[in-house]
Each structure stands twice: as C-alpha cells, then as structure tokens.
Amino acid sequence: MCGIAGLVVAPGQPAPDPALGRRMNTVIHHRGPDDEGLHHDERALLGMRRLSIIDVGGGHQPMYGADRQVCIVFNGEIYNYRELREGLERDGHGFASQSDTEVILQGYLRDGVGIFAKLDGMFGVAIWDRRTQELVLARDRLGEKPLYYAHDDRRVLFGSELKSLLQSPDCPRDLNNDALRAYLTYGYVPCPHSVFSGVHKLPPAHFLRYRDGQVSLQRYWQPSLSPKITLDEAEASQQLEELLDRAVASRLVSDVPFGAFLSGGLDSSTVVALMARHLGQPVKTFTIGFKEAAYNELDDARRVAKHLGTEHHELVVEPDAVDLLQTLVWHFDEPFADSSAVPTFLVSQLAREHVKMVLTGDGGDEMFGGYDRYLKLMKLESLGAMRGPVAAGLSLAGALAPNPYGERMARVGERLRLPFDERYLSGVAVMRPDIAQRLRPQAGGKDHFRLPALEQPGSDLGAGDETLDRAVAIDLQSYLPDDILVKLDRMAMAASLEGRSPFLQPDLVQFALSLPVHLRVRDGRGKHLLREVAGKWLPPRAITKPKQGFAIPLADWFRGPLRTLAADTFGSRAFRERGLLQPAAAQALLHDHVERNIDRSEALWQSLCLELWAQRFLDGDAAAGA
C-alpha cells in the first residue's frame, strides 16, 4: 500500500520542477512511511511513498524497464501477481525483484493497457512511456484505491490524494457546485467529480491516456447482474464456499504481520473464519466500542473471537470529538460526512499497533443484498399500482402530524412519487431536499438525487426489472466506491495500515451478482446463501445478528462535546462571509437538535464537516498535516 503523485507536461512546455514532486510526495507521507522515490525528466515527474508489504527489501519505486524507457509507480496490491509472473517468465520476461509492481511493469511491456484487465487486486497505477511519450493512469475494478487527476493543454497532474495535486500552484481551485449539491445529498462527492471543478476522479475500472496534451478515458471491465446462474442451492453453496475460500487465501499474501477487523457481524466474521482455516497461528483481530451500549459490538466480536480462537484486541474509546473531526477532515481532502469514519479510524489505529495489514468485510452487503434499505425498497416496489394512493395518504398523514413520525410518513410518501433511481437514492441520501435547500439555496430541487455515474451507457449493469438488482447496480457505481471504499482507504492510510477486502475479488463479485434474488433475499432477510455457507464456521449469533453498522453516538455529541464547536462555527463571521451554507438555517438545525425537537445530527455533521473542510483547504495550507 502506497501513495503516488506526479505530473507530465505537454510537448514544448518547460520541464517540471523536481521540488514540486518532492512536495507532492511529502504531503502523503502517511500513505507510505517506509520509503519514497521520484523520477524526473524533461517532461515527467513520477513520485511515490511506500508502505512495504510485498518484497519489503526489493520493491523500491519508481521502477523501470530494462532500457529505462518505461517507468511505473503503483499504489495497492496485486493478489495474482505470482501466476502472472509465471506466464511472463515463460514469454521471456526477466525480473529483478519479487514485487507485484514489476509484474505490472512487465505485463505492460508485453500487453500494453491490456494488462489491467488481468489484474486481481486494488490499484492506482501511473506509467510514463518515453517510447510513445504517453502517460497511462489506471484504477482497479471497483475503486478500492483512489486516483485524482487534473489536466489542460499544458500538463496533467495526478495523485492518490487531492492534497498532492494542491501542491501545484496552478491546480484548479474553483468550487464545483454539482459536487457540493451531491455532498449535501449523500455526504460524499461522487465520481467522477471532485470538490474542485477542474479536478476529477478516475472512475473505477478505467484507464486514462495523456498524449500531446490530450486526455482519453476507456473502461476495461464491467460487472454484470445478468445472466443468472441456474445451479440449485446446494451447488451454489458449494461454489460460493470455494470462491470465498480462494478470495480470502489470495489476500493473505504478505511479507509483514497482518490481522482483521472484527465486528462480530456476518461479513467480518466470515472473513476471519476463513483466515483461521489457512493460518497456522491465531488470527489477530481488532474491535473498538464506545461506552454507550447502543454503539458497542464488543460482546458480539468477543463471541466470534472465542469461537474461532483468535488473538483478540479490543478497546473502549472516549475520543476527543473536536480534535478527531479536524484530523478526519484533513485526511479526506474533500467534504466527507459518513460518521462511521470515526470508528474506522480508531480501529485502524488500534490494529496498527500490532500489524501492518488487515482484511475487512467491506463489499459483502452490496454483493449479497445485505442492506436493510434493499428490503424496504422491495416492500415499496411490491405496492405496484397502489403507490399513488398510498403516497397521497402518507403525505396527508404527515401533514396532520407535525412531529418526527409525521415527517417520516411524509418522507415515505415523497419517495413513492419518485422515479425508481431517485426512489432508491432517497433512501441512501442523508439529507432531504427541503433541508438541503434551506442550507444552500442552490441545492435541493429536481437534481437533488442526481448521480453522474448513472448517466453513462450501460449503468444498469444488466439489472433488468428486479428491484434488488437495480438497487445493487446503483450502489456499485456510487455508494461502494465513493463512500465505503473511500472511508476504508483514507482511514486505514491515516494510520499507515493496509486494508484488503476479500468480498471484492472479481470472480466472487461476478458470482454473487449472478445469484437470483431468492438466493440473496429470503424470509425478509438478505445474504441468504452467505448465511447458509458461513453457518458451517460461525456461532449462531453471528448468523442471526441484526445489521448494526459501524455507528457513533452522533446525536449525543451534538448535545455535548460538539455543541460548542458547532455553535461557534455557525455563528462565526467566516461562516457567514464564505456563504457555502446559510447561517440561520444551520443555527436552526442546531437549536432543534439541542432542544430535542428532532434529531438533526446527520445534517449538523454534514454542515460542520463542510465548513471545517473549507477552513482547512480554502483558507489554510493543505500541506500542514493533520
């Protein structure tokens, strides 16, 4: 796991300054404290920071082909690099190291950009090919590793984190209104947007070419929700068990100590159980909890840890919410308001005291239909032609009951009137259009639930008419890469820890997406087939435990440690003059929350994160560190 950064200038432009490359590297030191490197020539800078996991002593980057005409920097891990290397060696390619980086390099020399579709792993890659005077950037299939870029006819900047690009004085800094609208809807900025209008995220499963001042993008892989398998349940269970086992085994390749996050829920427990099958010593597992019982999964994690015989580490935390929020804002680079980032960061810090890499259960909900919102949507869709009358009745009931229950009924009524994509996304959204519009007049409205990724050809992923598949297709292109995987990458990297997600192994992904609905959802519960398979290894509670999520006592924090910070921020001259949000609206939300009229903690968290981000990245110095 590493971080990469750099730039390439167009022909005829002045040579890039190596000092800029060093600044771009330094600001992402946390991503790779073990090593650094920088290539520079008359047109290119390629820099990297390295967290050494594979070939600790021999994997220094940048790495070059034999004639030094092709240079690569790489962030991530390639799990099938040994198999790919064997094929390359048979074709006459020699190797000077044992690293997966060199496998990508030699694969590029043989296959060109065709190598990316052969990689099983997570990656952000930059290749400078002096033979063709072309820069190639590539990102993994599902977006586990980030890659930003900005370009014009003079140069292209790129980096694993936005703060690297901001080291260049001419990096675009105009705010992207579409990104801010989306942030107020979902709590994150969706791909391909960034918070700055001239900076973009390379979409998952894409590569970019920059040549003669021109950029082109191309997709190299796409998952599909059709056709469905025709196996019976016993055959499907056997195949799923084999795929899960291979996915976990492939992600155990490491030259450094490793462990796993363990919540006691189905996904992380399944990963740990399979790790235990392959290791000759107890798995190191890590869990955190809060003193508030409703946000504490320690008992569930202990139960699984005891059942599997792990070396378990846990910590009950009482974090300094104010200092912690400032730290998170710096590491995310963009406004980001998924509050589960807090426990993800804290458990990453705990794990880093013992290991350098962890496996996680991320992706299990998307692949196997695990989110409660999928089940709720399926119930809504079952209303069919009755949606109109039900929507009218709920809206009327909501208007007659001006309290939280009435608001909830009115919200369901609103959802039922929307087109399918918006109907589903309204359940993913963390802020309603009317509240967003009160906070920012340019927000809300007819574009409130808009997602750019869903406007691309083939964005339905072959979902057909099935409600579950249509919702999963949306999440695979938005919530998973732009929220879940951003959170894991930034928070693990903030602690200089690598996180790997076995559920995102490509063959396992495609198999899970090919399961018919009745093998994913049954008797009002998701993950049916996964539960059946994991029941062989886990205690009953891990199979039946309701989904809890990685939550924090946010509502209490805004009546306690964050109350003063929020009041001071929303009442400040800087907040008023900046004009991103309406001070009176933000203060009204805080008043309603503190007075317990209604829980406004999510909207308050979004508002506070946005302003603290602006203070840091618009007013302050992005290079100053956390």
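Structural descriptor for region 196-255: relative contact order 18 percent, calculated from alpha carbon pairs under 8 angstrom and at least 6 residues apart.
Secondary structure note: in the chain, about 75% of the DSSP beta bridges are antiparallel. Taking a sphere under 13 Å around the Cβ of Gln615 and counting the other residues whose Cβ falls inside, with K and R at +1 and D and E at -1, yields a net charge of -2. Measuring against 23 Å, Cα to Cα, the residue pairs Lys228/Lys536; Lys306/Lys547; Lys527/Lys547; Lys163/Lys547; Lys446/Lys527 contain Lys228/Lys536; Lys163/Lys547; Lys446/Lys527 as the ones spanning a longer distance. Here's the list of aspartates and glutamates a cross-link from Lys118 could span, going by alpha-carbon distance under 14 Å and ignoring same-chain residues fewer than 8 apart: Glu77, Glu83, Glu86, Asp100, Asp140, Asp507.
Order of Val256, Val199 from fewest to most other C-beta atoms within 10 Å?
Sorted ascending by nearby Cβ count, the order is Val256, Val199.
Per-residue 3J(HN,Hα) values for region 210-224, derived from phi via the Karplus relation 6.51 cos²θ - 1.76 cosθ + 1.60 with θ = phi - 60°, read 10, 8, 6, x, 10, 10, 9, 10, 8, 7, 10, 7, 8, x, 9 Hz in sequence order (x marks Gly and Pro).
Packing here is the average count of other Cβ atoms within 10 Å per residue, and on that basis the peptides 515-525, 457-467, 76-86, 328-338, highest first, run 328-338, 76-86, 515-525, 457-467. For region 582-605 versus region 124-155, the inter-centroid distance based on Cα atoms is 42 Å.
Neighbour counts of other Cβ atoms within 10 Å put Met409, Met63 in the fewest-to-most order Met409, Met63.
Each part reduced to its alpha carbon centroid, region 258-295 and region 205-249 end up 26 Å apart. Listed by Cβ neighbour count within 10 Å, with the fewest neighbours leading, Asp232, Asp365, Asp178 appear as Asp232, Asp178, Asp365. Helix-only mean residue ellipticity at 222 nm, the chain, DSSP H runs n ≥ 4 weighted -39,500 (n - 2.57), per residue, nearest 500. What is it? For the chain, the value works out to -12000 deg cm²/dmol. Averaging the sequence gap over all C-alpha pairs within less than 8 Å and six or more residues apart, then dividing by the number of residues, gives region 261-390 a relative contact order of 27 percent.
Which of the peptides 94-100, 343-349, 117-123, 137-143 is most tightly packed, and how do the rest follow, judged by the mean count of other Cβ atoms within 10 Å per residue?
Details: 94-100: 16.7, 343-349: 23.3, 117-123: 21.1, 137-143: 26.3.
By packing density, highest mean first, the sequence is 137-143, 343-349, 117-123, 94-100.
Considering only alpha-carbon pairs that sit under 8 angstrom and 6 or more positions apart, the relative contact order computed for the chain is 16 percent. A simple packing score, the average count of other Cβ atoms within 10 Å per residue, orders the peptides 124-133, 572-581 as 124-133, 572-581, with the highest score first. If you find the alpha carbon centre of region 46-75 and of region 463-522, how far apart are they in angstrom? The two parts, judged by their Cα centres, are 29 Å apart.
Throughout, read-outs are computed from the coordinates displayed, never taken from laboratory work. Keep in mind it's a predicted model, so treat the numbers as computed, not measured. As a convention, Cβ positions derive from the backbone with ideal geometry for all residues, glycine included, and neighbour counts pool all protein chains shown.
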